[in-house]
1. Show me, bin by bin at 10 Å from 0, the whole-percent P(r) of region 75-136 based on Cα pairs.
2. Please work out the FRET efficiency for the pair Lys63 and Lys86, using the Cβ-Cβ distance as r and a Förster radius of 25 Å; give the result to the nearest 0.05.
3. Measure off, as a whole percent, the carbon and sulfur share of the 1.4 Å-probe accessible area of region 62-166, all protein chains present.
4. Take Thr105 and Arg54, extend 7 Å from each Cα along the Cα→Cβ direction, and tell me the distance between the two endpoints in nm.
5. If each residue of separation counts as 0.36 nm, what is the full-extension length gain between Arg139 and Cys166 once their alpha-carbon separation is subtracted?
6. Largest first, what is the accessible-area ranking of Glu127, Glu147 with a 1.4 Å probe?
Amino acid sequence: MGRSTKAWPSLVLALLLVGGAVAVPIGQHGGAVEAGGGYNPSGDECQVLTLINRYRASRNEGKLVLSRPLGVAAADHTGDMARRKKLYHTPNLLTTVRQLGYDGTAVGENVASGYSSPQSVVSGWQESPGHRQNMLDGRFKAIGIAEQNGYWTTIFGNERDQTLSC
């Protein structure tokens with residue numbers, strides 16, 4: 001009998017940053033998303049927002065709103081992970097989102113790969129203590145969400161700015 005080669009979903013431990021960070025140029029990953037660029041969340045990305053907000057409500061936390069700069073950063077990072085076929089966190093996350101026009105002072109990031117649906121990735125994050133902490137952190141008011149070729153990024157922030165609707 002042959003060995004199964006089924007790919008298993010992956011999560012990288014959640015990253016939470018508060019305060020300053022070292023400056024990093026925008027587009028460091030060679031992504032197509034630039035500062036002030038567009039961010040148009042897909043149906044699956046909007047479903048992740050709905051699922052995370054439902055989860056937050058079940059724990060008496062307020063709803064998150066979509067943020068254009070957090071979304072641009074999430075899309076840029078997700079695109080780079082998909083191109084490289086490598087799961088990793090955004091280096092210097094706070095500096096990166098500030099360069100995209102975000103005014104918040106605290107950010108957190110969840111990344112994952114190999115999940116085929118919004119429900120499966122949110123469930124995976126719920127099972128991981130660090131990812132769950134980001135999703136339920138009461139300081140966070142905004143989010144950017146991106147998916148590309150099975151790679152997922154959510155970036156959370158403590159300021160509602162440049163908000164969008166799904």
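1. Calculated P(r), rounded to whole percents: 19, 46, 33, 2.
2. 0.20
3. 45
4. With each label point 7 Å from Cα toward Cβ, the separation is 3.5 nm.
5. 7.5 nm
6. Glu127, Glu147
The values are calculated or read from the model by the stated rules, or taken from the named source; none is laboratory data. Treat the numbers as computed from the prediction; the structure is a model and nothing was measured. For neighbour counting, all protein chains shown are included, and Cβ atoms are generated from backbone atoms with ideal geometry for every residue, glycine included. Just the protein is used for accessible areas: all its heavy atoms, side chains included, with ligands, DNA and RNA removed. Shrake-Rupley method; radii C 1.70, N 1.55, O 1.52, S 1.80 Å.
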